[in-house]
Amino acid sequence: MVQAAERKQQIGLLGGTFDPVHNGHLAVAGYVLQALGLDAVWFIPAALPPHKDGHADGRDISAFAHRLAMLQAAVAEIKSFVVSDIEAKRSTPSYSIDTIEIMLPQVGDQADLLFIIGADAFLEIDTWKRYRELPTLVSFVIISRPNYSPEAIGKIISENFTGYQYDHSSETWSSPNSNGSFILQHMEPVLISSTDIRERVRKGKDINGLVPPAVADYIRTHGLYK
């Protein structure tokens with residue numbers, strides 16, 4: 001008797017600086033988890049972000065240990081959310097391709113990885129290290145943003161990745177020559193930004209409702225963003 005193949009786990013990867021993690025990040029992870037029926041979402045804070053030395057407001061990025069601890073506090077009660085410190089275990093910049101190549105042997109044949117990214121960031125994918133190889137390793141879940149049309153996303157895909165065809169019913173671009181696909185997801189934008197939160201803390205303003213209570217407590221306790 002032939003046994004049925006075990007179902008692969010579906011794991012979303014959500015990277016970022018997370019300085020600090022906020023309710024918008026959690027909303028995106030939760031939305032994708034439910035919409036695509038994922039088994040888990042792994043949050044991956046960047047140890048050495050390759051595209052920026054500091055924040056746009058001129059402030060330094062907080063120590064990795066603080067950003068990691070805030071993430072762990074934020075997801076402590078959510079079983080499907082996992083925090084990975086994988087990017088702190090090497091001294092090189094946190095390029096996505098490198099992180100994924102380290103993760104793949106760890107999950108083996110037991111899981112498929114889906115890289116979660118905002119449409120605005122995806123439109124700059126041609127600036128990423130070895131970006132053409134990425135869809136051979138993972139699928140992309142592209143979160144819609146105001147003023148970023150599906151046509152603009154499709155244009156980036158057609159210009160940078162060969163052989164992909166668009167399916168209107170699923171809003172997915174796929175190729176017979178690649179394991180990964182590009183999946184567009186629409187969700188109402190959550191108008192929260194880490195930049196605004198840091199500025200509010202500096203000015204002594206309330207951040208309740210913008211970050212989980214445990215994160216607000218951590219920021220207060222450790223005097224972050226003053």
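Rule-based calculations on the coordinates, nothing more; no lab input. All of these numbers come straight from a predicted model, not from anything done at the bench. Glycine also receives a Cβ, built like all others from the backbone with ideal geometry; neighbour counts cover every protein chain displayed.
How big is region 43-95 in terms of Cα radius of gyration and Dmax, in angstroms?
Every Cα atom of region 43-95 included, Rg and Dmax give 12.1, 36 Å.
Take region 94-139, drop everything but the C-alpha atoms, weight them equally and run the Debye formula without solvent; then report log10 I(q)/I(0) at 0.14, 0.31 Å⁻¹ to two decimals.
These q points yield log10 I(q)/I(0) values of -0.34, -1.32.
So in the chain, what percent of DSSP beta bridges are antiparallel if you round to the nearest 5?
On the way: 6 of 31 bridges.
Counting only bridges with both partners in the chain, antiparallel ones make up about 20 percent.
Name the residues whose placed amide hydrogens come within less than 5 Å of the amide hydrogen of GLY118, ignoring near sequence neighbours (fewer than 5 apart) on the same chain.
ILE143
Cα axis of helix 23-35 to longest principal axis of the chain: angle in degrees, 0 to 90, nearest 10?
The angle comes out near 20 degrees.
Report the GluC sites (Glu not before Pro) located in region 1-99 that are in a DSSP loop and have at most 10 other Cβ atoms inside 10 Å of their Cβ, or state none.
On the way: sites: GLU6, GLU77, GLU87; in loops: GLU6, GLU77.
Loop-located and lightly packed - GLU6, GLU77.
Please give the FRET efficiency for THR221 paired with ARG90, using the beta carbon to beta carbon distance and R0 = 45 Å, rounded to the nearest 0.05. Intermediate results must be reported in sequence, preceding the final value.
On the way: r = 29 Å, r/R0 = 0.65.
For THR221 and ARG90, the calculated efficiency is 0.95.
Let me know the charge dipole size of the chain about its Cα centre in debye, to the nearest 20, where only the beta-carbon of Lys, Arg (+1) and Asp, Glu (-1) is charged. Mind dumping the intermediate values first?
Details: 20 positive and 26 negative charges, 134 e Å.
For this selection, approximately 640 debye.
Which residues' amide hydrogens lie under 5 Å from the amide hydrogen of ALA111, considering only partners 5 or more residues apart or on another chain, with H built in the peptide plane?
Amide H neighbours of ALA111: GLN9.
In Å and whole numbers, how far do the C-alpha atoms of the chain stretch along each principal axis, longest first?
Reported extents, whole Å, longest axis first: 60, 45, 34.
Scattering from the C-alpha atoms of region 121-178 alone, worked out with Debye: what is log10 I(q)/I(0) at q = 0.15, 0.23 1/Å?
-0.42, -1.05
Pick out which of ASP39, ASP19, ASP60 has the largest mean-square fluctuation in a Gaussian network model of the chain, springs linking Cα atoms closer than 10 Å.
Looking only at ASP39, ASP19, ASP60, the biggest GNM fluctuation is shown by ASP60.
On the principal axes of its Cα set, how long, how wide and how thick is region 106-218? Give whole Å, largest value first.
For region 106-218, the Cα extents along the three principal axes come out at 53, 37, 29 Å.
Counting only residues 5 or more places away or on other chains, whose amide H sits under 5 Å from the amide H of VAL211 once H atoms are built in the peptide plane?
ASN23
Running a GNM on the chain with Cα contacts under 10 Å, which residue among GLU159, GLU188, GLU101 ends up with the highest mean-square fluctuation?
Of GLU159, GLU188, GLU101, the most mobile in the Gaussian network model is GLU159.
Ordered by residue, what ³J(HN,Hα) values in Hz, to whole numbers, does region 8-16 give under the Karplus form 6.51 cos²θ - 1.76 cosθ + 1.60, where θ = phi - 60° and Gly and Pro are x?
6, 6, 10, 10, x, 10, 10, x, x
With everything on Cα atoms, drop me the angle between helix 150-160 and the longest principal axis of the chain, reported from 0 to 90° to the nearest 10.
The helix 150-160 is inclined about 70 degrees to the chain.
Rounded to the nearest 10 degrees, what's the angle between the helix 213-222 long axis and the longest principal axis of the chain, both from Cα atoms, 0 to 90?
Taking the Cα atoms of the chain, the angle to 213-222 is about 50 degrees.
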